[in-house]
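Rule-based calculations on the coordinates, nothing more; no lab input. This is a predicted model, so every value here is computed, not measured. Backbone-built Cβ (ideal geometry, glycine too); neighbour counts: all protein chains shown.
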Amino acid sequence: MNGDTPEVAAARFEADRARSQLMSTAHRLQARLSPGTLASNAWEGAKDKGASLAENAVDAVRSRPLAATGVVAAITLFLAREPLKDLAGNVTTKVRAKRKKRTKTRSTEKVA
């Protein structure tokens, strides 16, 4: 190559090989750090974690079904608290109305 000494030619060859290796590494990093790859990896990680959590939850329910039923009932009651309050209010209002009606009826029976 241009009348270079063997040492210079070997150094050029080594520099070309190192440059080629560096470019290859840069291309691999660019592919790994692309937004699509990062999003795909994050999605796969989330799916794996979700599957693991679901599996652990199923195992916990199998080992303690009564405790799990209690937890589900507590969560259900918590989520349905407003409709349950309304229902309880309606029931008490109707009971009071019936009591008033009975006392009125009894009062009129005593008078007659």
*Find the residue count for region 65-112, including only residues that are surrounded by 10 or more Cβ atoms within 10 Å (Cβ to Cβ) and of a type in the set (D, E).*
1
*So which of T37, T25 is surrounded by 10 or more Cβ atoms within 10 Å (Cβ to Cβ), touching a helix residue (DSSP H, G or I) at 6+ places or on another chain (Cβ under 9 Å) and either among the charged types (D, E, K, R) or more than 27 Å from A68 (Cβ to Cβ) (or both)?*
T37
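Could you tell me whether region 25-40 includes any residue that is in contact with a Lys or Arg (Cβ under 9 Å, 6 or more places away or on another chain) and not β-branched (V, I, T)? Walk me through how you get there before you give the answer.
Initially, region 25-40 is screened for residues in contact with a Lys or Arg (Cβ under 9 Å, 6 or more places away or on another chain), giving 38.
In the following step, the residues that additionally are not β-branched (V, I, T) were identified as 38.
Within region 25-40, one or more residues are in contact with a Lys or Arg (Cβ under 9 Å, 6 or more places away or on another chain) and not β-branched (V, I, T).
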